[in-house]
Amino acid sequence: MDEQFRNRLSEHAEAVTRFLDKAISPDEIRQGEISRPAQLIAAMRYATLNGGKRLRPFVTIESAALFGVSEAAAMPTAAALECIHCYSLVHDDLPAMDDDDLRRGKPTVHRKWDEATAILAGDSLLTFAFDLVTAPCDGVDETVRCKLASHLARAAGPGGMAGGQMLDLQAEDGDPGMKEVLTLQSMKTGALIRFAAEAGAILGKASPGEQEILSRYGRLAGQAFQLADDILDVTATTEQMGKKTGKDGEAGKGTLVSLLGLDEARRRLDGLVEEAVAILEPFGDRSNVLKATARFFAGRDS
Ligand code: GRG
């Protein structure tokens, strides 16, 4: 992978971490808050500041940059998205869901503290995300913030990620086919990644046509990300991924790898990346980073 791309990824990731470190702090009481319980804040910090790759915020910051929006103006939305992603991981790891002991190579939140703390940390990250996205921010007017909040809610809620998780749990008892697997994946993992790209266009007040391009790119990038994850689940080690692998097979989960086989899944992944790159062509070289991001999603090894 191109060194310039990796540097850019780590620069944005560090900026997101600095922003979250400040925003989710025991002393950073916001107007209207009464107090911030130490254990809850500690669990929220542990969930967000423990080494995530920050891929979704990266897509938001880079999509926004395509329309001339600064990193500072995109940051609250990017960080909000990361909060929702981290909440979903905390809740996904709970005994009632995937029952995992390891996340990002460290004990999961309910293992480090307890289930109640993990549930409340997840709830708080979800709620806090909407505080971040709607709070006044230089260069982002009220209409834009309202639109971002609405799109984020639809991506994370019953018709998006949470709904996808429900379908995923139900699929364990059934025998889902291609259509079912594609739908649940587009909701469970895809919706947040689609939002990551759409958010840049919303922040940049892009034309409806441009917004549609970013939305389609986000959909394809999300599919590529999930398909790479399914492939890694059967090809990578637990150490490499920082979480238990081989779980899909153990749970009897239908994935594109189990439905298509590894070779066909890899061919499909290449096709998704080609499509994602082609869709950005109207933006020319200005979209090179987003094109590289789609390739990175497909080629990642953790
Ligand atoms: C509990 C409402 C609720 C939703 C859970 C996203 C999700 C839905 C569950 C996670 C299950 C999972 C491992 C899905 C595969 C794709 C995925 C989200 C991988 C982790 O994302 P990365 O690689 O993680 O971006 P880091 O740690 O880098 O942030």
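Comparing 33, 275, 115 in a Gaussian network model of the chain (Cα springs below 10 Å), the most mobile by mean-square fluctuation is 33. As a fraction of the 1.4 Å probe accessible area of the chain, surface on carbon and sulfur atoms comes out at 51 percent. With both labels modelled 7 Å from their Cα along Cα-to-Cβ, the residue 147 to residue 72 distance reads 2.3 nm. Amide H contacts for residue 102 (H built 1.01 Å from N in the peptide plane; partners 5 or more residues away or on another chain; cut-off under 5 Å): 108, 244. The label-point distance for residue 18 and residue 138, in a model that sets each label 7 Å from Cα toward Cβ, rounds to 1.4 nm.
Computed over neighbours whose Cβ is under 11 Å from that of residue 259, the net charge equals -1, Lys and Arg +1, Asp and Glu -1.
Rounded, prolate or oblate: pick one for segment 76-134, where a ≥ b ≥ c are the square roots of the eigenvalues of its C-alpha gyration tensor, a/c under 1.5 means rounded, and failing that, prolate if a/b is larger than b/c, else oblate. Prolate. Across segment 150-175, no residue has a backbone nitrogen under 13 Å from the label position 7 Å along the beta-carbon direction of residue 182.
Rg and Dmax of the chain, both derived from C-alpha coordinates alone, stand at 18.5, 55 Å. Each Lys and Arg contributes +1 and each Asp and Glu -1, all at the Cβ; summed about the Cα centre of the chain, the dipole is approximately 460 debye. Does segment 109-190 come out rounded, prolate or oblate, given a ≥ b ≥ c as the square roots of the eigenvalues of its C-alpha gyration tensor, rounded meaning a/c under 1.5 and, failing that, prolate meaning a/b above b/c? It comes out oblate by the Cα gyration axes. Fully extending the segment from residue 49 to residue 264 would add 73.8 nm, taking 0.36 nm per residue of separation and subtracting the current Cα-Cα distance.
Of the complete DSSP H runs in the chain, those spanning 18 angstrom or more by Cα along the long axis with a mean Kyte-Doolittle score not below 1.0 are 115-134.
Too long at a 30 Å Cα-Cα cut-off: which of 53/205; 106/188; 22/147; 147/253? Check vs 30 Å cut-off fails for 147/253. Name the most mobile residue of 230, 21, 100, meaning the one with the largest mean-square fluctuation, in a Gaussian network model of the chain with Cα contacts below 10 Å. In this elastic network of the chain, the residue with the biggest mean-square fluctuation among 230, 21, 100 is 21. Highest mobility in the GNM of the chain, judged by mean-square fluctuation with C-alpha springs under 10 Å and restricted to 118, 78, 292, is found for 292. Distance between the C-alpha centers of segment 147-182 and segment 84-121? Whole Å please. Going from one Cα centre to the other spans 19 Å. Looking at the chain, the accessible area is 46 square angstrom per residue; that uses a 1.4 Å probe and ignores ligands, DNA and RNA.
The values are calculated or read from the model by the stated rules, or taken from the named source; none is laboratory data. As the structure is a prediction and not an experimental result, all values here were calculated from the model. All Cβ positions, even for glycine, are placed from backbone atoms using ideal geometry, and neighbour counts span all protein chains on display. In case anyone asks, the SASA skips ligands and DNA or RNA and just uses the protein heavy atoms, side chains included. Shrake-Rupley method; radii C 1.70, N 1.55, O 1.52, S 1.80 Å.
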